[in-house]
1. Could you pull out every residue, at least 5 positions away or on a different chain, whose amide H is within less than 5 Å of the one on ARG55? Hs are placed 1.01 Å off N in the peptide plane, and Pro or chain starts have none.
2. Quick one: Debye curve from the C-alpha atoms of the chain, no solvent, what's log10 I(q)/I(0) at q = 0.11, 0.12, 0.15 Å⁻¹?
3. Quick one: check the C-alpha center-to-center distance for segment 56-134 versus segment 265-294, whole angstrom.
4. Test of the criteria: in segment 66-158, which GluC sites (Glu not before Pro) are in a DSSP loop and have at most 10 other Cβ atoms within 10 angstrom of their Cβ?
5. Working from the alpha-carbon coordinates of segment 142-193, get Rg over Rh, Rh being the Kirkwood radius.
6. Only bridges with both residues in the chain count here: give the DSSP antiparallel percent, nearest 5.
7. Could you go through segment 45-51 in sequence order and give the Karplus-derived ³J(HN,Hα) for each residue, using 6.51 cos²θ - 1.76 cosθ + 1.60 with θ = phi - 60°, rounded to whole Hz, and x for Gly and Pro?
8. Calculate, in whole percent, how much of the Cα-Cα pair population of segment 122-162 lies beyond 12 Å.
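A short reminder: the numbers here are calculations on the coordinates, not readings from a lab. All of these numbers come straight from a predicted model, not from anything done at the bench. Glycine gets a Cβ as well: all are built from the backbone with ideal geometry, and neighbour counts include every protein chain shown.
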Amino acid sequence: MDIFKLIEAAERGERLGRGEIARLLTDGEAGAREALFAAAYRVKAAEVGRKVFLRGIVEFSNLCSKDCFYCGIRRSRPGLERFRMEPGEILAAARWADENGYGSLVLQSGEVESEEFTAFVEDLLRGIKEISGGRLGVTLSLGEQGAETYRRWFDAGGDRYLLRIETSDPELYRRLHPSDHRFDRRRGCLELLRRGGWQVGTGMMIGLPGQSVESLAADVLFLRDADVDMVGMGPYIPHRETPLGAKSGEEDRAARRRRLELGLRMIALTRLTLRDVNIAAATALQALDPAGRELGLAAGANIIMPNITPTRYRDAYQLYDGKPCLDENAADCRDCLQRRVEDLGETIGFGERGDSPRFRRRRLS
Ligand code: SAM
Ligand code: SF4
C-alpha cells in the first residue's frame with residue numbers, strides 16, 4: 001500500500017498489523033514522517049485535546065534492590081551515594097506542585113519490597129492527599145510489588161501506577177536483566193494493578209541494543225492489547241557505568257538522532273493505535289534534543305513530567321548519561337516549560353488532574 005494511504009488508514013482508526021507499524025517506524029519517503037506526525041497530532045487533538053497536563057516528578061530515593069543492566073541507579077553500581085528524601089521534603093515538593101498548579105504528582109524511586117517501605121509510601125500518600133485537600137492526582141512508579149502492597153497504596157490515595165514493561169519481547173527482556181528479574185512477574189503486576197482499580201501506565205525503552213524495528217512494532221501491539229490508560233515510553237540512553245552502557249561505548253550524533261526519531265515515531269504510532277490514552281513526552285527525549293519534549297507533543301504526546309526533585313538529589317538519580325535539568329530548580333523549569341508549550345499553540349491544564357480519558361470512559365461503561 002502507498003505509505004500516505006497507510007497513514008490515512010491509521011488516522012481513521014483502522015487496525016495496523018505489525019509489518020505496517022514497522023514500515024511506518026522507518027519509512028524514509030519524502031514527506032512521510034511529517035504526514036505521520038500530523039496525523040497523530042490530529043488524532044490527539046480530537047481524542048484528548050490540545051492541552052498539556054503536568055505531573056511534577058519527585059525522584060525520592062535511589063535505593064534499589066534490582067540490578068537492571070541499563071540503569072544508572074542499579075544495585076551494584078559502585079560508588080553511588082544512596083539517599084532517601086525525608087517525608088517532610090517530599091511533602092514540601094507536593095505542596096509546591098499543588099500551589100503552582102501542577103494537577104498531579106509522580107513519586108518515583110528504585111524498587112524496594114519491604115514492610116517499612118510500604119508503610120513509608122502509605123504515610124506519604126495520606127500526607128499528600130491531606131495537604132492538597134485531595135486535589136493532587138498521585139502516580140506511583142515504584143516497581144514490582146505484591147498485591148497487598150498495591151492495595152494498601154491504592155487505599156491510601158494512589159491514583160495511577162506507571163510500570164514500564166521495558167520491552168514486550170521476553171527474550172530481549174531476559175538479555176537486559178539478571179536471571180532473577182522476571183518478565184512474567186512484571187506483566188503480572190500490570191494485571192494486578194488493573195484489577196486493583198488503578199489507572200495503569202506502561203511503556204518501553206526505545207533503541208535498546210538488539211531491539212529490532214519489528215520488536216518495537218510488537219511493543220505498540222502489546223500496549224493496544226494490554227488496553228492501558230497511560231503510556232510512558234522513551235529512548236534508551238546509555239549510562240557508561242552500567243554493563244549495557246559500557247558495551248555501547250561513545251555514541252555519535254547520528255546514533256542519537258536515530259534514537260530520537262524512533263522515539264517520536266513510536267509516540268505517533270501509539271497515538272494512532274491507542275487514541276484516547278495519556279502519553280508522556282519522556283525526559284529522555286529532551287536529553288537527545290533540547291526541544292525533544294516539544295517534538296514529542298507535536299508527535300502526539302499530551303503529558304509532561306517536569307522534575308521537581310530538590311536539585312541536590314538529582315546528581316545521585318542519573319539513570320543515564322546527560323540527564324537534563326540537573327541544576328535547574330522547579331520554578332525555572334515551570335516558567336521555561338510554559339513558554340515552550342505556548343509556542344506550540346497549546347495550553348497547560350494548570351490545576352487540572354488530567355486523568356486519562358480512556359480510564360474515565362472505562363469507568364462509565
Ligand atoms: N524502579 C522502578 C522501575 O524500574 O519500574 C521505577 C524507577 S526506574 C528508574 C524508571 C524507568 O527508568 C525504568 O522503567 C526504565 O525504563 C527507565 N530507565 C532506566 N535506565 C534507563 C536508561 N539508561 N535510559 C532510559 N531509560 C532508563
Ligand atoms: Fe532499579 Fe528501576 Fe533502575 Fe531497575 S530500572 S535498577 S528497578 S531503579
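1. So ARG55 has HN proximity to ILE304, MET305.
2. Values returned for q = 0.11, 0.12, 0.15 Å⁻¹ are -0.71, -0.86, -1.45.
3. 24
4. Here the sparse-neighbourhood loop sites are GLU81.
5. Numbers: Rg = 12.2 Å, Rh = 11.9 Å.
Value, to two decimals: 1.02.
6. Values: 1 of 32 bridges.
Close to 5 percent.
7. Result, ordered by residue: 4, 6, 8, 10, x, 9, 10 Hz.
8. Result: 56 percent of Cα pairs exceed 12 Å.
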